[in-house]
1. For segment 20-171, with all protein chains present and a 1.4 Å probe, just round the carbon and sulfur fraction of the accessible area to a whole percent.
2. Measure off 7 Å from each Cα along the Cα-to-Cβ vector at residue 44 and residue 76, then give the distance between these two points in nanometres to one decimal.
3. Using 0.36 nm per residue, how much length does the chain from residue 26 to residue 57 gain when fully extended, once their Cα-Cα distance is taken away?
4. Per residue, how much accessible area does segment 26-171 show when a 1.4 Å probe rolls over the protein heavy atoms, in square angstrom?
5. Might you report the magnitude of the Cβ-based charge dipole of segment 72-168 about its Cα centre, with Lys and Arg at +1 and Asp and Glu at -1, to the nearest 20 debye?
6. Roughly speaking, what is the stretch gain from residue 157 to residue 142, that is 0.36 nm per residue apart minus the C-alpha to C-alpha distance, in nm to one decimal?
7. Once you put a point 7 Å from the Cα of residue 122 and another 7 Å from the Cα of residue 97, both along the Cβ direction, what distance in nm separates them?
8. Sorting check: for 60-68, 80-88, 48-56, which peptide has the highest mean count of neighbouring beta carbons within 10 Å, and how do the rest follow?
Amino acid sequence: IGITDSWEIVGKISNLPRNYFNYEIYENIPEKGLRTVYCKHLNTIYYEEESEAPEWRILEKDSVILDYKCKMAKGTFRGHTWTVWYSDEIPLASGPWKLKGLPGLILSAYDDNGLCSFEAIELNNGNGESLYTRTDKGIKGTRKLEAELRDLMYSDNDAYMKRMGFPGGAR
């Protein structure tokens, strides 16, 4: 008996790509220059951090993704080298995860170790409407605490359960 993520089931019976990230990241929240990261655990943990961007080097390569002309860039962020395709036809200096800072929206990204990749599969115009509003606040923590909890979850589930406030751990 275990906890089953409904998205995991949907991923197994559909051909939609699966998201293995248990994060929700909000740029410029609570203020410009900060980002808030919500991490899904048994209790939601969130932390705020400076909203830093990789240093990008734009390369002389181009492609088309979802009918948008794209340019290639490479950058290093937190010890990983990222290759991205961005479109300046969409003038948003944003992208997936914590990748940002180019003169267009990042539509594809992968780290050079092959550990992580992102690919846009559809873009919709929200006409200024909010797509999602978080209603629960969660427990304020730090990036370090979240990493410790994630490591504990995979290495010692009983200790993780106790740390999350469930006395006696998993049964």
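The values are calculated or read from the model by the stated rules, or taken from the named source; none is laboratory data. From a predicted model like this one, the values you see are computed outputs, not experimental measurements. FYI the Cβ positions are ideal-geometry reconstructions off the backbone, even for glycines, and counts take in every protein chain you see. Just so you know, the surface numbers come from the protein's heavy atoms only, side chains and all, with ligands and any DNA or RNA stripped out. Shrake-Rupley method; radii C 1.70, N 1.55, O 1.52, S 1.80 Å.
1. 49
2. Distance between the two pseudo-spin positions: 3.6 nm.
3. 8.7 nm
4. 64
5. So the magnitude is around 540 debye.
6. Extending this stretch completely gives an extra 3.3 nm.
7. In this crude spin-label approximation the distance works out to 2.4 nm.
8. So the order, starting with the most tightly packed, is 80-88, 48-56, 60-68.
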